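What follows is one structure encoded as structure tokens, with my remarks underneath.
The values are calculated or read from the model by the stated rules, or taken from the named source; none is laboratory data. Bear in mind that the values here come from a model prediction, so they are computed numbers and not experimental data. Neighbour counts are summed over all protein chains in view; Cβ atoms, including those assigned to glycine, are modelled from backbone coordinates with ideal geometry.
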Amino acid sequence: MDYNGDHNLLERIRAGDKNAFQEIFHKFYRKLRVYAYTFVKENEDAEEIVQQVFCRIWERRDQLRPEGSLQSLLYRSVYNESLSQLRHQKVRNTFQVHQTKQMENTDRDASHQLIASELNRQIQHAIAKLPEQCRTIFQMSRFEQLKYQQIADALNISIKTVENQMGKALKVMRIKLIEFLPLIVILLHLIS
């Protein structure tokens, strides 16, 4: 297209001539779509980009400068729109990756909480089955983190009794919780 033809078409488009607009659309659409495709590598995206460019030209037709090259304007517009689309796609992809990771973390946390809750329930059940003195000594040792001598002094019993009762408590807990060993292993794996 020559300069005079560009100038004439741009003037007509500025004036709102739909026929002039259709003329440039039909003349350049296919070439511009191929050009956009070289950037975005998707036919639908390339078509959308070219349509966006033509829509924007029509919407802003009063801002067109008739002294400019129509072909340069169209190719530059498609180039800029393609880069914009690629930037948006990159942001969308980054967001999707972040969302996927966040959902995986949420699923893992929920799974972790479920396993921990079940394990805690089983531990509490096993503790409740211990004889009273054995249970008291176990709880003082494991939950209050008292030393055997402190437990003996608090309960007014010998340290040997504390040791025997703790041994008995640990044996009963191991037997009661042996079937939940896989849960403990999974829980420890999720924690690390």
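Side notes on the structure shown:
- In the stretch 1-103, counting only helices (runs of 4 or more DSSP H) that sit wholly within it, the ones holding 3 or more residues that are among the β-branched types (Val, Ile, Thr) span 18-40, 43-59.
- Any hit, the stretch 43-66, residues being charged (D, E, K, R) and more than 30 Å from ASN8 (Cα to Cα): yes
- Candidate set from the stretch 30-45 (those that are more than 14 Å from ASN80 (Cβ to Cβ) and surrounded by 15 or more Cβ atoms within 10 Å (Cβ to Cβ)); member that is farthest from the chain's Cα centre (by Cα): ARG33
- Test: residue in the stretch 156-177 that is under 30 Å from VAL40 (Cβ atoms), modelled with pLDDT under 85 and either assigned to a helix (DSSP H, G or I) or aliphatic (A, V, I, L, M) (or both): no
- For the stretch 11-25, a residue qualifies if it is touching a residue at least 40 places away in the same chain (Cβ under 8 Å) and among the acidic types (Asp, Glu), and exactly one does: GLU11.
- Remark: PHE143 falls outside the filter, which requires a residue to be within 30 Å of LYS168 (Cβ to Cβ) and surrounded by 10 or more Cβ atoms within 10 Å (Cβ to Cβ).
- Pair list, Cβ < 8 Å and 6+ apart or interchain, from the stretch 130-151 residues that are in a helix (DSSP H, G or I) to residues that are among the basic types (Lys, Arg): CYS134/LYS168
- Here the stretch 46-73 is the region considered, the condition is being under 17 Å from ASP17 (Cβ atoms) and among the aliphatic types (A, V, I, L, M), and the residue that is surrounded by the most Cβ atoms within 10 Å (Cβ to Cβ) is LEU70.
- Residue satisfying all of: in the stretch 1-29; of a type in the set (Asp, Glu) and modelled with pLDDT of 90 or more; nearest to LEU86 (Cα to Cα) among these: GLU23
- When the stretch 4-39 is filtered for residues that are hydroxyl-bearing (Ser, Thr, Tyr) and out of contact with any Phe, Trp or Tyr (no Cβ under 7 Å at 6 or more places or on another chain), the ones remaining, listed by number, are TYR29, TYR37, THR38.
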